[in-house]
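Peer 1: After the structure tokens below, expect a handful of questions from me.
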Amino acid sequence: MALKTAQQYIDSLRELKSDVWLFGERIENFVDHPVIRPSINSIALTYKMAHEPEYEDLATTTSSLTGEKINRFTSLFMSVDDLVKKVKLQRIMGQRTGCCFQRCVGMDAINAMYNTTFEIDETHGTEYHKRFREWLKYIQQNDLCVQGAMTDVKGDRALRPSEQPDPDMFVHVVERRADGIVIRGAKAHQTGSVNSHEMLIMPTLTMRPGDEDYSVCCAIQSDSPGIHFIYGRQSCDKRKLEEGDIDVGNCQFGGQEALTVLDDVFVPWERVFMCGEVDFSGMVVERFASYHRQSYGGCKPGIGDVLVGATATMTDYSNVAKASHVRDKIAEMNHLIETLHACGLAASTQGTKTKAGNFLPDILLANVCKMNVTRYPYELCRIAEDLAGGALVTIPSECDLRSPEIGKYVEKYFKGANNVSAEERLRMLSLINSMTFGLSAPSYRTESMHGAGSPQAQKVMIERQSQMESKKKMARKLAGIDEREKLTD
Ligand code: SF4
Ligand code: FE
């Protein structure tokens, strides 16, 4: 079964025996939990789109491993065109969910591991790449959802992994057996972890000699013994437990982050793709980060499209849409959104082929893309809050709107221009509220800041990739300090 439907995906989650905790309680049925379900719906849409004829070209592709039709979220990017299509697909997914749809992390991790394992084998004579290909075929053939698990909890940030007073601050190998390894530690704020069938564990930073036990990449099933998910709180998450749907805003879709505890998890050797090769830990981090920073040029403009649409609708509701300053601000929002997308597309079109055969986006442009994402969504939210008005944070609840006693006042005093009902205004304000303040968590803002690495990580990569010596040389030549270019013989 190469292409699951949305329903098959949701049903497949019911078969997992995952250990999920929320609000201090173990959740037996996480699939139908009202706080968790919107995040499952977001991933379900990645399965649904694969069956929509209109999006066949974006949402599906032909596997380079099996020749079968597969979901793009399990694919290897075998050309620049594949990189471009990923970003275009993510923009549409962002438009349809208005939030993080989680499945890209695994797709990006798959691609980073594919080419890194190839190069580890080339240097060390290991067989990680062959193992990885076999595992990936299984993922593609069963259309599984994979989570990329990179971010360690890190403990004392000034100390190396092997120097930490508590050795579990970074995921590490605690036992090597004839049949496999045992790993321990925790991965922080893992996107879509509960909703995935599999996890790809990767190191969080470049390791050095002495950190061998921490240089580990492997695949584990998300309901393996020893894994505990502690679900991340989201702003106003308990509104999802209330009756009605207005106060939640985006109640159909949501994101998901969880602390993923790995308490002595056994991994058979055929699922181990790096074990002790400190010299390649930096490569997998840099490549995964580049793929995912390119991805932000897809999802974040897509979510921005919803936000500008909601903001413009609010200006229609109050009949100020034609005012010149309003049109100017809406144009500014669209300018920011398209700039984000342009960066994602540019990083894709400048992609190059790796030794393993799959393509990597331009590392500098991918980091520039993500650096812009740490800034522009803040400006988008600022303008949205400006134009939506203070009611964004002062509207009465749905219960007040429905109240037989005072509902009439909410109806009367919150109605918009041209007979727009109070309910429509409350719904649109709640949507903006949920997107900007984080109810459809993680918030558009904070996720843009820290997802795929905090801004300083991009600055470091931009610094490394900017070829400053050659730029200084350009200046020295034109200033006449170095020999000027000869135009004639
Ligand atoms: Fe995909 Fe964006 Fe979520 Fe990352 S932040 S998983 S790119 S939707
Ligand atoms: Fe993210």
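None of the figures in this text is laboratory data; all of them are computed from the coordinates on show. Bear in mind the structure is a predicted one, so any value in this text is a computation, not a measurement. Here Cβ is always computed from backbone atoms with ideal geometry, including for glycine, and neighbour counts include all displayed protein chains.
Peer 1: Go through the stretch 89-122 and count every residue that is under 23 Å from Thr446 (Cα atoms), not in a loop (DSSP other than H, G, I, E, B) and not hydrophobic (A, V, I, L, M, F, W, C).
Peer 2: So the answer is 8.
Peer 1: Continuing with this model, one more query. Does Asp121 qualify as being touching a residue at least 12 places away in the same chain (Cβ under 8 Å), away from ligand 2 (no atom under 16 Å from the Cβ) and not polar (S, T, N, Q)?
Peer 2: So Asp121 does not fit the description; no.
Peer 1: Same structure again: Anything in the stretch 306-325 that is of a type in the set (A, V, I, L, M, F, W, C) and assigned to a helix (DSSP H, G or I)? List them, or say none.
Peer 2: If the condition is that a residue be of a type in the set (A, V, I, L, M, F, W, C) and assigned to a helix (DSSP H, G or I), then Val306, Leu307, Val308, Ala310, Ala312, Met314 are the ones that fit.
Peer 1: I'm trying to understand the selection: among the residues of the stretch 435-489, which are of a type in the set (S, T, N, Q), more than 30 Å from Gly249 (Cα to Cα) and not in a loop (DSSP other than H, G, I, E, B)?
Peer 2: If the condition is that a residue be of a type in the set (S, T, N, Q), more than 30 Å from Gly249 (Cα to Cα) and not in a loop (DSSP other than H, G, I, E, B), then Gln456, Gln458, Gln465, Ser470 are the ones that fit.
Peer 1: Right, another one. Which of the residues that make up the stretch 104-135 are under 20 Å from the mean Cα position of the chain (by Cα), aliphatic (A, V, I, L, M) and away from ligand 1 (no atom under 16 Å from the Cβ)? Talk me through it step by step, then tell me what you get.
Peer 2: Keep residues of the stretch 104-135 that are under 20 Å from the mean Cα position of the chain (by Cα), which gives 104-114.
Going one step further and asking which of them are aliphatic (A, V, I, L, M), we end up with 105, 107, 109-110, 112-113.
Once the filter is applied, which keeps residues that are under 20 Å from the mean Cα position of the chain (by Cα), aliphatic (A, V, I, L, M) and away from ligand 1 (no atom under 16 Å from the Cβ), the stretch 104-135 yields only Met113.
Peer 1: From Asp82, Asp57, which residue is closer than 27 Å to Asn358 by Cβ and crowded, with 18+ Cβ neighbours inside 10 Å?
Peer 2: Unique residue meeting the criteria: Asp82.
Peer 1: While we're on this one: Looking at (1) assigned to a helix (DSSP H, G or I); (2) within 16 Å of ligand 2 (Cβ to nearest atom); (3) not β-branched (Val, Ile, Thr), which is the only condition Met283 fails?
Peer 2: (2) is the only condition that Met283 fails.
Peer 1: Out of curiosity, is Glu379 in contact (Cβ under 8 Å) with a residue 12 or more places away in the chain and either in contact with a Ser or Thr (Cβ under 9 Å, 6 or more places away or on another chain) or not basic (Lys, Arg) (or both)?
Peer 2: So Glu379 fits the description; yes.
Peer 1: Among the listed residues Glu447, Glu398, Glu379, which satisfies the condition of being acidic (Asp, Glu), buried (at least 16 other Cβ atoms within 10 Å of the Cβ) and more than 16 Å from ligand 2 (Cβ to nearest atom)?
Peer 2: Testing whether each residue is acidic (Asp, Glu), buried (at least 16 other Cβ atoms within 10 Å of the Cβ) and more than 16 Å from ligand 2 (Cβ to nearest atom) leaves just Glu398.
Peer 1: Same structure again: Given the conditions (1) in a loop (DSSP other than H, G, I, E, B); (2) of a type in the set (A, V, I, L, M, F, W, C); (3) within 30 Å of Asp263 (Cβ to Cβ), which single one is not true for Leu76?
Peer 2: With (1) in a loop (DSSP other than H, G, I, E, B); (2) of a type in the set (A, V, I, L, M, F, W, C); (3) within 30 Å of Asp263 (Cβ to Cβ) applied to Leu76, the lone miss is (3).
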